[in-house]
Amino acid sequence: MEEFKYLIPEESIDAIMNNVSKLRDIENDLRHIFVEHGYLEVLMPSFEYVELYNDMDIGIDEEKMFQYINYEGKRVALRVDFTVPLARLYSSQKENGEKRYCYFGKVYRKEKRHKGRSSEFFQAGIELLGKAGVAGDLECLELVLETMQCLRLKTLRIEMGSAQFYNRLVEIVDDEKFVNILKRRDLSAMKDFVESHHFDSHLHDLLLMLPQAFGDIQVLYQVQSLIDDPLLKEAIEECIHLYQQSKMKDILTFDLAMTPMMKYYTGIILKGYSPYSAEPIMNGGRYDKLMNHFQRQVPAIGFSYDLSHILKALEKEDEA
């Protein structure tokens, strides 16, 4: 036991010492902008019932949750995400119409060993509930653009994908192998996969292009010319329209092979990147059906910054 006295579990992050002031400055600047735009800061509980996440099938396996049995004999988990608890809050408070929340805190997810990753993450983000369609998407995108100035990182880019496009494509292809190939962006495997199926010419060409369907607005136009399915067309047209209305054209790229991080996403999905971080520093997207689990029909969109990854990126940028 003596040798472990001064160690911390591998799941934990090391103590932050040199960058605490940077972390607090970033938090304060983000908080100021969030509140200025009408987002109410909430302090969410650290524990939730495991069933809250399981019933919604959000895409986080139960094995990734830190669990224990409480005195009632019920399974409780450390918070694995903020979106689901805030959806529960909106429902339990019997809110109606538009509601804006912002939050700062940790989430906890078990990561694979020997990957150099901790299992606790600092997050700061917002959830916009009750504002549908393009108007809600644009408010979210504009807030991303404004808050990016708070991160102190010099070179940032935003990637946009579409959960509607992805989900519809998975439905049409109807083969579990497709999802794994797409996640790996394996062009060779995709060719073999397409050749083993009898897809029509439009779908055949689209699938072959998909692992490399990444870039500026021209990617959307190229894909648009290959599809005839109404739902796929709708998803592409939505992304084109958002691009045309957006103020972040210079840093916005598109990735139609992007797979949703969470199963609850239904519309656009967003990821933010720094060249000094191997992981996304921002994740977000539209999730219009999550509130259905609470017998409510409420459109919603949100995003969160991973402050842990941002601090690491700042260190590497300073070194460079």
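The values are calculated or read from the model by the stated rules, or taken from the named source; none is laboratory data. Note that the coordinates shown come from a computational prediction; the quantities given were computed from them, not determined experimentally. Because the Cβ atoms are built from the backbone with ideal geometry, glycine has one as well, and the counts that use them run over all protein chains shown. We work out accessible area using only protein heavy atoms, side chains counted, and drop any ligands, DNA or RNA first. Shrake-Rupley method; radii C 1.70, N 1.55, O 1.52, S 1.80 Å.
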Can you find a residue that is open to solvent by 30 Å² or more (accessible area, probe 1.4 Å), in contact (Cβ under 8 Å) with a residue 24 or more places away in the chain and acidic (Asp, Glu) anywhere in the range 261-280? yes
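Listed here are the residues, each with its yes/no results for (1) among the β-branched types (Val, Ile, Thr); (2) closer than 29 Å to Glu159 by Cβ; (3) not in a helix (DSSP H, G or I).
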site: Leu52; (1), (2), (3): no, no, no
site: Glu63; (1), (2), (3): no, yes, no
site: Tyr71; (1), (2), (3): no, no, yes
site: Glu139; (1), (2), (3): no, yes, no
For Gln224, all conditions in the list (1) more than 21 Å from Ala313 (Cβ to Cβ); (2) open to solvent by less than 30 Å² (accessible area, probe 1.4 Å) hold save one; what is the number of the exception? (2)
When you look at Phe254, is it in contact with a strand residue (DSSP E or B) (Cβ under 7 Å, 6 or more places away or on another chain), in contact (Cβ under 8 Å) with a residue 12 or more places away in the chain and open to solvent by 80 Å² or more (accessible area, probe 1.4 Å), yes or no? no
Test Tyr53 against the stated conditions and say whether it is more than 30 Å from Glu237 (Cβ to Cβ) and either in contact with a Gly (Cβ under 6 Å, 6 or more places away or on another chain) or open to solvent by 40 Å² or more (accessible area, probe 1.4 Å) (or both). no
Any residue at all in the range 240-262 that's under 11 Å from the mean Cα position of the chain (by Cα) and either closer than 15 Å to Ala87 by Cα or aromatic (Phe, Trp, Tyr) (or both)? yes
Given the criteria touching a helix residue (DSSP H, G or I) at 6+ places or on another chain (Cβ under 7 Å), open to solvent by 40 Å² or more (accessible area, probe 1.4 Å) and basic (Lys, Arg), does Arg286 qualify? no
Residue list for the range 145-165, filter: hydroxyl-bearing (Ser, Thr, Tyr) and either touching a Gly at 6+ places or on another chain (Cβ under 8 Å) or open to solvent by 30 Å² or more (accessible area, probe 1.4 Å) (or both): Thr155, Ser162
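Name the helices (runs of 4 or more DSSP H) wholly inside the range 164-215 in which the number of residues that are within 17 Å of Ala235 (Cα to Cα) and hydrophobic (A, V, I, L, M, F, W, C) is 3 or more.
Details: elements: 176-184, 187-195, 201-209.
Correct list: 201-209.
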Give me the pairs, please: first residue somewhere in the range 51-77 and among the polar types (S, T, N, Q), second residue anywhere and open to solvent by 50 Å² or more (accessible area, probe 1.4 Å) and outside any strand (DSSP E or B), beta-carbon distance under 9 Å, and either six or more positions apart or on two chains. Asn54/Glu62
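Only one of Glu72, Glu142, Glu98, Glu111 is open to solvent by less than 70 Å² (accessible area, probe 1.4 Å) and acidic (Asp, Glu). Can you tell me which?
Glu111
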Considering (1) under 19 Å from the mean Cα position of the chain (by Cα); (2) modelled with pLDDT of 95 or more; (3) of a type outside the set (Phe, Trp, Tyr); (4) open to solvent by less than 60 Å² (accessible area, probe 1.4 Å), say which one Ala135 fails and leave the rest. (1)
Considering only the range 79-104, how many residues are assigned to a helix (DSSP H, G or I) and hydrophobic (A, V, I, L, M, F, W, C)? 4
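Yes/no matrix, rows are residues, columns are (1) charged (D, E, K, R); (2) farther than 29 Å from Asn28 by Cβ; (3) at pLDDT 95 or above:
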| site | (1), (2), (3) |
| --- | --- |
| Gly59 | no, yes, no |
| Met65 | no, yes, no |
| Tyr71 | no, yes, no |
| Val80 | no, no, no |
| Val84 | no, no, no |
| Lys106 | yes, no, no |
| Thr147 | no, no, yes |
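Looking at Lys247, Lys233, which one is touching a helix residue (DSSP H, G or I) at 6+ places or on another chain (Cβ under 9 Å), in contact (Cβ under 8 Å) with a residue 24 or more places away in the chain, surrounded by fewer than 16 Cβ atoms within 10 Å (Cβ to Cβ) and within 26 Å of Ala135 (Cα to Cα)?
Numbers: Lys233 fails: in contact (Cβ under 8 Å) with a residue 24 or more places away in the chain.
Being touching a helix residue (DSSP H, G or I) at 6+ places or on another chain (Cβ under 9 Å), in contact (Cβ under 8 Å) with a residue 24 or more places away in the chain, surrounded by fewer than 16 Cβ atoms within 10 Å (Cβ to Cβ) and within 26 Å of Ala135 (Cα to Cα) holds for just one of Lys247, Lys233, which is Lys247.
Can you give me the number of residues within the range 26-39 that are in a helix (DSSP H, G or I) and in contact (Cβ under 8 Å) with a residue 12 or more places away in the chain? Give the derivation first.
Step one: filter the range 26-39 for residues in a helix (DSSP H, G or I), giving 26-36.
Checking the rest, the ones that are also in contact (Cβ under 8 Å) with a residue 12 or more places away in the chain come to 26-27, 29-31, 33-35.
Residues that pass the stated criteria total 8.
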Please identify the pairs in which a residue from the range 178-189 that is without any contact (Cβ under 8 Å) to a residue 24 or more places away in the chain has its Cβ atom under 9 Å from the Cβ atom of a residue that is surrounded by 14 or more Cβ atoms within 10 Å (Cβ to Cβ) and outside any helix (DSSP H, G or I), counting only partners at least 6 apart or on another chain. Asn180/Asp186
